[in-house]
Amino acid sequence: MFPLSSSTGIRPTPYSTRAGADWSAAKVLNAGVRVPVTRWNLARAPSVASIDMQTSNDRIDFMKSSGLASPRNAARKLVGFLVLAFALLLSSNSALAQSGAGADDPRVSKLYGDAKAAEAHGDFAGAAASYEALLQVAPRLAPAYNNLGSLYLRQREYKKAAAVLEKGLKIDPKMSSASALLGIALYELGDYAGAGRNLESALRANPRDNNAELFLANDLIKLGKIEQAAEHLRQLSLRQPENQEVLYLLGKVHMKLSEQALTKLNALDANSVWVHEISGEVMESMKNYDGALLEYKKAVEVAPMQAGTHYHLGNAYWSLNMWDAATEQFHAELANDPSNCMAQWKIGNIILEQHGDPAAALAETQKALDACPDLMEARVDRARALIKLERHADAVKDLEAAVKADPAEASTHFLLAQAYRALGRTQEAQAEMKVFSKLEESARAKTAERAKEVLQEKSKEP
């Protein structure tokens, strides 16, 4: 039973946009982006914490619920459940006007108690039956439609959920939780346009509703509105920087946008320098350096005087340790673009890799740092040259700055330990070597674990 006084109000159960997410294999969306399709695993889901019927003097509070427990999907290590409650405030007079005949009927209290008890025992069908009976007594009690729609969703009865939620919203169009639930039901029914309208309505009511925004992003992807989806995902990534699903989707939509841009470029001019550069960058990102070399060479042939073409080609050679060819291209790039500090730095880096003159390497890295003082790779290589020239005190300044900028880079700690030791700063050298050893051990462990996983997967192959 719930407290009763002169009037009764039912507060809607808050919606769960990710109740028991059942991660199926990623599906190809009509936009061409593969994303995990959220499904309701409602049969196994624990009960959503229902919001008790209560009476207050001036309002019916739809308070936040603790929501569902959130078991992890072991394969993806993603949160299976995300719950958000709406805080809706309605005056009691308005609620009573909406509830109409039957709101004060004692059967309402009894049926609501029955629904809660059934839901607590996982009997969603029984809980739904109690709400159905309750609405026969009080057909204008809008929050009851919200709770019944939620139960239908948990049973994957999407058509019934959509129908009952639409009825509730006709009685109370401002019931944002019902808008969100209706958006989810329509999404599952494939009515992406209708789903989008309702999810946008829920999001307008609560702009920081992460769950509604994530569902809306998926919906926009289904509709092929990739740029709009990307904007919502960018906003989510700012609020949830460690949400792996958001980052995954954001990466996918950017890939799709890149594909669309490349398609347009190809249509305009398949032999454009831009087409070859982008194609080379894609191949380089996949470690296909041979393919990247071919594309970058074509870019140089098409536009030998354009800034960037020689750098891309030189960088591909540099990645393959083809030092002489890389140096030639970096010099050609500097002739086109003297401010390219990356090309300047890599000329100095190549001298060090070939065990050349450290004074020459120092001069080249200094030129790079004159143009780009915050280029940490150049500061590390300047320190390497300084160590070879036995100018350890100067090297320490660069290495300390590099360690501060990227404390996870093991090689910098090793170099700093060398410089400290040369200066007689034994304790500091030992401390840096400990950090270096720990980082190296961690890296080896990760590599070994990855190799083990690969071997296990191969052993499963027929």
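Length gain on complete extension for the stretch Leu238 to Lys170, per 0.36 nm per residue less the alpha carbon to alpha carbon distance?
Values: separation 68, 0.36 × 68 = 24.48 nm, distance 3.51 nm.
Difference between extended and current length: 21.0 nm.
Classified by the C-alpha gyration tensor, the range 279-323 has an oblate form. Its axis ratio a/c, with a ≥ b ≥ c, is 1.5 or above, and a/b does not exceed b/c.
When the residues Glu432, Glu242 are ordered by accessible surface, computed with a 1.4 Å probe over the protein chains alone, the sequence from largest down reads Glu242, Glu432.
Taking R0 as 22 Å, what FRET efficiency do you get between Lys404 and Lys438 from their Cβ-Cβ distance, rounded to the nearest 0.05?
Details: r = 18 Å, r/R0 = 0.80.
Computed FRET efficiency for Lys404 and Lys438 comes out at 0.80.
Normalised by the number of residues in the range 232-389, the average gap of Cα pairs under 8 Å and 6 or more apart makes the relative contact order 12 percent. Here Thr263 and Ser411 are evaluated by their C-beta separation; at R0 = 60 Å the FRET efficiency comes out at 0.90. With a cut-off of 12 Å between beta carbons, the residues surrounding Arg450 carry a summed charge of 0, where Lys and Arg count +1 and Asp and Glu -1. Charge tally for Gly196 (other residues, Cβ to Cβ under 10 Å; Lys, Arg +1; Asp, Glu -1): 0. Taking every C-alpha pair closer than 8 Å and separated by at least 6 residues, the mean separation divided by the residue count of the range 331-384 gives a relative contact order of 34 percent.
Rounded, prolate or oblate, given the Cα gyration tensor of the range 358-462, with a/c below 1.5 counting as rounded? In terms of gyration-tensor shape, prolate. For the range 233-321, a/c is not less than 1.5, where a ≥ b ≥ c are the root eigenvalues of the C-alpha gyration tensor, and a/b tops b/c. That puts it in the prolate class.
Within the shell defined by Cβ-Cβ distances under 13 Å, the residues around Thr263 carry a net charge of 0, with Lys and Arg each +1 and Asp and Glu each -1. Hydrodynamic radius of the range 173-259 by the Kirkwood approach over all distinct alpha-carbon pairs: 12.8 Å. Take the Cα of Gln306, step 7 Å toward its Cβ, do the same at Asp374, and the gap between the two points is 2.9 nm. How high is the relative contact order of the range 108-175? Use alpha-carbon pairs under 8 Å, at least six apart in sequence, and give a whole percent. Reported as a whole number, the value is 26 percent.
Taking a straight Cα-Cα cut-off under 28 Å and skipping sequence neighbours fewer than 8 places away in the same chain, the lysines within cross-link reach of Lys460 are Lys27, Lys77, Lys287, Lys446, Lys452.
The values are calculated or read from the model by the stated rules, or taken from the named source; none is laboratory data. Keep in mind the model is a prediction, meaning the values are calculated, not measured. Here the Cβ is made from the backbone with ideal geometry for all residues, glycine too, and neighbour counts use every protein chain on show. Note: areas computed on protein heavy atoms with side chains; ligands, DNA, RNA excluded. Shrake-Rupley method; radii C 1.70, N 1.55, O 1.52, S 1.80 Å.
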